[in-house]
Amino acid sequence: MQDDHFLKTIFSPTDFKESELALILPKFKQVKFEKKDFLLKEGKTENYYWFLESGFARSFVNDTNGSDITTNFYSSGEVVIDWSSFFLRNPTRENIQALTDCVCWALDFENFQQLFHSIETFREHGRRRLVSSYFALKNHSIAIIADQAKARYIQLLKDKPNIVRNVSLQHIATYLGITKYSLSRIRKEISL
C-alpha cells in the first residue's frame with residue numbers, strides 16, 4: 001500500500017467526509033520522475049491530473065526560433081496539468097518537465113471524470129483549483145504586457161519564493177519574458 005499522507009493534506013478531512021476520502025484516495029497512484037523527465041510532451045493529450053508532492057517542474061513551449069519559453073512553474077502541493085488538453089481531450093502545445101527529481105500523484109482522466117461527477121466536494125475542489133490556475137495565468141499574461149520586468153520578478157519572489165531559490169535563472173528569465181542578463185541585473189539591483 002502506498003503512503004497517501006500527502007494526499008490527505010490535499011484532500012483535507014475538514015473538507016471531505018471519510019467516506020469520500022475512501023473513494024478518492026485509492027484512485028491516485030504515486031509516480032516518481034527523475035530530473036529532466038517529461039510528464040507531458042507536446043503533441044500528446046494530457047491524461048493525468050497530477051499533484052506534485054515534492055520537487056519542481058515547469059511547463060514550456062518552443063517559440064518560432066526553437067527556443068523553449070517557460071509558461072509556468074510547479075512546486076509541492078500544486079496541480080501539474082495542461083488544463084485545456086485534459087478537459088478538451090486535444091493534443092497539447094506545451095511540454096511539462098521535471099526540473100528536479102519529483103514525486104507526483106496521478107489520477108487518470110477516467111477516474112477523474114467518475115469522481116468529478118459523483119462527489120460534489122471533489123468537483124468543487126477541482127473547480128477552485130482550475131479557477132485559481134486561470135487567474136494566475138491571466139495575471140501573468142497581463143503582467144508581461146503591462147508591468148516592468150523588475151515588478152514581474154518581485155511578484156514572482158512574493159508568489160513563489162521556492163521557485164526563485166531552486167530553479168535556473170534561464171528558466172526564470174524566459175518565464176518573465178526577459179534575458180538572463182537582464183534578470184541578473186534586476187537581481188543585483190534588488191540585493192543592493
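Any read-out appearing in this document is the output of simple, stated calculations on the displayed coordinates, not a laboratory observation. What you see is a predicted model; the values in this text were computed from it and never measured. With ideal geometry, Cβ positions are generated from the backbone for all residues, glycine too; neighbour counts draw on all protein chains shown.
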Two-site FRET efficiency, N62 against Q113, from Cβ-Cβ distance with R₀ of 41 Å, rounded to 0.05: 0.85
Across Q30, Q170, Q148, the residue with the highest GNM fluctuation in the chain (Cα network, 10 Å cutoff) is Q148
Which lysines does K41 reach when only Cα atoms under 17 Å apart count, and residues fewer than 8 places away in its own chain are ignored? K32
For every helix of n ≥ 4 consecutive DSSP H residues, a contribution of -39,500 (n - 2.57) applies; sum these over the chain, divide by its total residues, and give [θ] at 222 nm rounded to the nearest 500 deg cm²/dmol. -14500 deg cm²/dmol
Putting +1 on Lys and Arg Cβ atoms and -1 on Asp and Glu Cβ atoms, find which of C104, T71, L88 reaches farthest to the positive end of the dipole of region 69-118. L88
Top positive-direction residue, dipole computed over the chain with Cβ charges, set V164, A143, L183: L183
Calculated FRET efficiency for the pair K138/S54, C-beta based, R₀ 30 Å, to 0.05: 0.60
Would you list, by chain and number, the lysines whose Cα falls below 16 Å from the Cα of K158, excluding same-chain residues fewer than 8 positions away? K150
The Rg/Rh figure for the chain, Cα atoms and Kirkwood Rh, to two decimals is 0.99
Any lysines whose Cα falls less than 19 Å from that of K44, other than same-chain ones fewer than 8 residues away, would be K36
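Quote the relative contact order of the chain in percent (integer), defining contacts as alpha-carbon pairs under 8 Å separated by 6+ residues. Don't skip to the answer; put the middle values down first.
Details: 276 pairs, mean separation 44.0, N = 192.
Relative contact order of the chain: 23 percent.
Would you order Y48, Y134, Y175 from fewest to most other beta-carbon atoms within 10 Å of each residue's own beta-carbon?
On the way: Y48 21, Y134 11, Y175 25.
Fewest to most other Cβ atoms nearby, the residues stand as Y134, Y48, Y175.
Treating only the Cβ atoms of Lys and Arg (+1) and Asp and Glu (-1) as charged, compute the dipole magnitude of the chain about its Cα centre; round to the nearest 20 debye.
Numbers: 26 positive and 23 negative charges, 153 e Å.
Dipole magnitude for the chain comes out near 740 debye.
Quick one: if the Förster radius is 30 Å, what FRET efficiency do Q148 and N90 give, using the C-beta to C-beta distance and rounding to 0.05? It would help to have the intermediate numbers written out before the result.
Values: r = 35 Å, r/R0 = 1.18.
Computed FRET efficiency for Q148 and N90 comes out at 0.25.
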Top of G43, G77, G66 by mean-square fluctuation, Gaussian network on the chain, Cα under 10 Å: G66
In degrees between 0 and 90, to the nearest 10, how far off the longest principal axis of the chain does helix 120-146 point, with axes built from Cα atoms? 10 degrees
Kirkwood hydrodynamic radius of region 5-118, from inverse mean 1/r over distinct Cα pairs, in Å: 14.8 Å
